[in-house]
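To start, the structure under review is shown below, and the notes come after it.
No lab work stands behind these numbers, since they all come straight from the coordinates. Just so it is clear, the structure is predicted and the values come from calculations on it, not from any experiment.
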């Protein structure tokens, strides 16, 4: 079984995904996003990868939205704004 956006390195799974070219400015020009999942269990890694991919998709959609482009939101600003709305 293969899981999309997964990378196995030294027995540890990583979330490894290409950052779209139009959004690389929000990530300091990096081409890929790599996050250690701190597990060697494939079923645990698959769940964590699904959650990270879903969060990235939502964030990237908000950055590409007309409102996000008009306001010039950055990824950290978007995240802080969402957290503030959730607290209210």
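Values computed for the structure shown
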item	result
Full-stretch length increase - residue 52, residue 12 - with 0.36 nm per residue and alpha-carbon distance subtracted	12.8 nm
Value of [θ]222 nm, deg cm²/dmol, for the chain, DSSP H segments ≥ 4, -39500 (n - 2.57) each, nearest 500	-15500 deg cm²/dmol
For Rg/Rh (Cα atoms, Kirkwood Rh), calculated from these coordinates, the label among (i) 1.18; (ii) 1.03; (iii) 1.30	(ii)
C-alpha long axis of helix 42-64 to longest principal axis of the chain, angle in °	20 degrees
Relative contact order, percent, the range 6-87 [alpha-carbon distance under 8 Å, six or more residues apart]	23 percent
Segment residue 27-residue 65, extension gain: residue separation times 0.36 nm, minus the distance between their alpha carbons	11.9 nm
Cα-based helix-to-principal-axis angle, 75-87 vs the chain, degrees rounded to 10	80 degrees
Residue-span extension gain [residue 83 to residue 43] - 0.36 nm each, minus C-alpha spacing	11.5 nm
